[in-house]
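Working notes for the structure below.
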Number of protein chains: 2
Amino acid sequence: MPAISHKAKAMPASPIRKLMPFAEAAKKRGTKIYHLNIGQPDIETPETFLNAVKNWDVKVIEYSPSAGNESYRKKLCGYYKEYDINLEASDIIITCGGSEAISIAMMTCFNPGDEIIIPEPFYANYNGFSCAANVVIKPIISTIDTGFALPPIEEFEKVITPKTKGIMICNPGNPTGYLYTKSELEALKILVKKYDLFLLSDEVYREFCYDGKEYVSVMQLEGIEDNVILLDSISKRYSACGARIGAMISKNKEIMKSALKFAQARLSPPSYAQVGAEAALDTPKSYFKNVKTEYIARRDYVIEALNKIPGVYCPKPSGAFYCIAKLPIDDSDKFCQWLLEEFSYNTQTVMLAPATGFYSTPGAGKNEVRIAYVLKIEDLKSAMTCLEEALKQYSLKASN
Amino acid sequence: MPAISHKAKAMPASPIRKLMPFAEAAKKRGTKIYHLNIGQPDIETPETFLNAVKNWDVKVIEYSPSAGNESYRKKLCGYYKEYDINLEASDIIITCGGSEAISIAMMTCFNPGDEIIIPEPFYANYNGFSCAANVVIKPIISTIDTGFALPPIEEFEKVITPKTKGIMICNPGNPTGYLYTKSELEALKILVKKYDLFLLSDEVYREFCYDGKEYVSVMQLEGIEDNVILLDSISKRYSACGARIGAMISKNKEIMKSALKFAQARLSPPSYAQVGAEAALDTPKSYFKNVKTEYIARRDYVIEALNKIPGVYCPKPSGAFYCIAKLPIDDSDKFCQWLLEEFSYNTQTVMLAPATGFYSTPGAGKNEVRIAYVLKIEDLKSAMTCLEEALKQYSLKASN
């Protein structure tokens, strides 16, 4: 049998999905699981989206243009305009989810062996895309004590080498929920200009910014237009994760021309979801207002509940729908597996994502978990009760 | 401005899409274009597919499993069974079109610099996927004189080096329409076994085999189960090119386990299209019978019409809906561009794909074009009249 590739061997397994078999087994035993482990919201997809697909009068599901339907891309410019991001349709390539936007951007910008700096903890699948593109991630740690603020610029400069070709951020952040300030982004801009780096920014949670704090996009940073690539997705915006519509966006014509060649090789993004996503641009503002109100209530509840549990600390995030909590545990992978394998309280348990999967520095995140507050408050209450009880039992177990 | 990657520079532009601007300009001048350049059938998508999507009662478009919905994969086993391909659901990963199946298979099997042998002419986007995966294609020529039969096994052996890691075929063939015989595939099997190579086979046109000739899948070749990967797509089967549903299939557990890691990184295949594709498995046989009858009539008409034009030769294909024709021209790229830029007959013209894009040997295919017989016979008639007239004018132009 021929050997599989080195890349296939090195490819990391999804840290969120690797607990799935334990969850399946727990379900089979009749245990109810509160899923706080994955960013799959329970929020309904807007009717604008669902109805457009239902009513699409199509006889032949044809290829769409490789860059995506022009009508959709044109209308998207209006959406971005509301966020002070000025685009033309040609600055946008519609992709199969934000995932494909990341893949194409990495292949367009980076050579095998090139290094990109990413503040950690970061979205775990960046590891997979980097592995696929043979790009080396150089992590710099942002800490729970600062609420996962941007690490000082000196920390970036410390790891810059002749191979450094880019910086990648997620804003608002998954898994931290941190929203970068304008001055943090301006500092990054100076760095990007100084070393002539690409700046890739994953901003798929822009609809989820709280407490009146300002969302600043890398697309608004003046003077580095040719360095900046925006990575986007409608998955969270419209609670349409399975639709698989994202976008790769840049004002840099050479980048977009090259990226289009990758897009052409795979022919086109999904047709049905494009139709839904285009129609969803007319979703009434009230939809987002309600969603935001709901997430704020969930966040406020979860953060307060977590910080009341002895030994637990969780900073209050200003965006997205995740938080990273420090728990009184020694090994978050073991703890999260134990929650599914051994623990239950009133035949219920909670599934969390071990934070280790969001760090690439070995050993980091061992006493942290990511919590996605994507369930109704009532369920979050039961989940927090489970967690509190679990931590009690786990510490007793450890001291025995 | 930072430089784009070497890969982005080397990435080939789609040979089929590079004539698009000339087609756009011709349309603006009011010229009607018969599109024989792209495999976008005019056949209607089955109602089973369309209705299932319309009637999908969904409130939240959630991520599907990374390997695709289990119900779909289980039901697909029944579909393959009818072609004497015995699968379990775990042998199948649902992908975003056949394109993603090719990408994931290449990344799973091949290291940068590894060589794969592909009989040419071959589907042009194999170049793009190989470039993205840093894989080197070693072409061996199949000729129009044999109707593009599999080149002799000696030709494969001539290009085998220590870096050779796989063979890739398309059966029935795009762009040739050639259907490999059982003995050709048995010969490949011996070769694959002798050198322990991966055998990747793109069999997306299996519904389109004509004249009672037998379709043999690589999945039926006994003794090389661990070497074989089937690349599939529903795009042509259900005339649902824009839906973006394909599959990567193998009995090799290690390959599937590794491929799943790539699939997990990109989260999931498109939800809507999976629902349609699953329902489409119940499409009545009469649908395929009618489609096949239509394609046979189109093929028979086109092949006869082509061979009647002075200086034109086109072998009769037994599968898919393409043929490669030899024309009395010196440069198919120039000719195809001229058809759009300068020629018209009764304000009509025809768009063809220069065959050069399907060869990777420089200079090959210069007097050949690929014709996709995907239009109604009435339109094919007008298209063939245009082509005949165009060849007359082109030869006059050349002799002036």
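A few points about this structure:
- Matching residues, the range A:190-202, being within 22 Å of the chain's Cα centre (by Cα) and more than 11 Å from chain B (Cβ to nearest Cβ): A:200, A:201, A:202
- Failed item in (1) closer than 30 Å to residue B:150 by Cβ; (2) at the interface with chain A (Cβ under 9 Å from one of its Cβ atoms); (3) small (Gly, Ala, Ser), with residue B:297 passing the rest: (2)
- The residue that is surrounded by the fewest Cβ atoms within 10 Å (Cβ to Cβ), among those in the range B:298-316 that are within 21 Å of the chain's Cα centre (by Cα) and more than 19 Å from residue B:332 (Cβ to Cβ), is B:300.
- Filtered residue count, the range B:125-153, keeping only those that are within 17 Å of residue B:180 (Cα to Cα) and of a type in the set (D, E, K, R): 1
- Sub-7 Å Cβ pairs linking a first residue in the range B:227-238 that is outside the structural domain of residue B:110 (by TED's automatic domain parsing) to a second residue that is outside any strand (DSSP E or B) and surrounded by 24 or more Cβ atoms within 10 Å (Cβ to Cβ), at least 6 apart or interchain, number zero.
- Checklist (1) touching a Pro at 6+ places or on another chain (Cβ under 9 Å); (2) open to solvent by 20 Å² or more (accessible area, probe 1.4 Å) applied to residue A:137, failing item: (1)
- Breaking point among (1) open to solvent by 20 Å² or more (accessible area, probe 1.4 Å); (2) without any contact (Cβ under 8 Å) to a residue 24 or more places away in the chain, for residue B:379: (2)
- Within the range A:100-118, the set of residues being closer than 19 Å to residue B:264 by Cα and among the acidic types (Asp, Glu) comprises A:100 only.
- When the residues of the range B:33-46 are filtered to those that are open to solvent by less than 20 Å² (accessible area, probe 1.4 Å) and either free of Cβ contacts under 8 Å to residues at least 24 places away in the same chain or assigned to a loop (DSSP other than H, G, I, E, B) (or both), the one that is nearest to residue B:345 (Cα to Cα) is B:36.
- Residue match in the range B:336-351 (condition: in contact with a Pro (Cβ under 9 Å, 6 or more places away or on another chain) and surrounded by fewer than 22 Cβ atoms within 10 Å (Cβ to Cβ)): yes
- Here residue B:229 fits the description: in contact with a Cys (Cβ under 9 Å, 6 or more places away or on another chain) and over 30 Å from residue A:54 (Cβ atoms).
- For the range B:106-121, the set of residues classified as within 16 Å of residue A:134 (Cβ to Cβ) and of a type outside the set (S, T, N, Q) consists of B:106, B:107, B:109, B:110, B:112, B:113, B:114, listed by residue number.
- Test: residue in the range B:261-284 that is out of contact with any Phe, Trp or Tyr (no Cβ under 8 Å at 6 or more places or on another chain), more than 22 Å from residue B:164 (Cα to Cα) and open to solvent by 50 Å² or more (accessible area, probe 1.4 Å): yes
- Flag for residue B:149 being hydrophobic (A, V, I, L, M, F, W, C), in a helix (DSSP H, G or I), open to solvent by 10 Å² or more (accessible area, probe 1.4 Å) and farther than 24 Å from residue B:18 by Cα: no
- Condition broken by residue B:30, with the remaining ones in (1) over 23 Å from the mean Cα position of the chain (by Cα); (2) buried (at least 16 other Cβ atoms within 10 Å of the Cβ); (3) more than 13 Å from every other protein chain (Cβ to nearest Cβ); (4) not polar (S, T, N, Q) satisfied: (2)
- Any hit, the range A:16-27, residues being free of Cβ contacts under 8 Å to residues at least 12 places away in the same chain, within 12 Å of chain B (Cβ to nearest Cβ) and in contact with a strand residue (DSSP E or B) (Cβ under 7 Å, 6 or more places away or on another chain): no
- In the condition set (1) within 14 Å of chain A (Cβ to nearest Cβ); (2) under 16 Å from the mean Cα position of the chain (by Cα); (3) not acidic (Asp, Glu), residue B:227 is compliant with all but (2).
- Criterion (assigned by TED's automatic domain parsing to the domain that holds residue A:108, surrounded by fewer than 24 Cβ atoms within 10 Å (Cβ to Cβ) and in contact with a strand residue (DSSP E or B) (Cβ under 7 Å, 6 or more places away or on another chain)) met by exactly one of A:245, A:255, A:224: A:224
The values are calculated or read from the model by the stated rules, or taken from the named source; none is laboratory data. Predicted model only: the values in this text are computed from it and were never measured. Positions of Cβ are generated from backbone atoms using ideal geometry, with glycine treated the same way; all protein chains shown enter the neighbour counts. These accessible areas exclude ligands, DNA and RNA; they are computed on the full protein's heavy atoms, side chains included. Shrake-Rupley method; radii C 1.70, N 1.55, O 1.52, S 1.80 Å.
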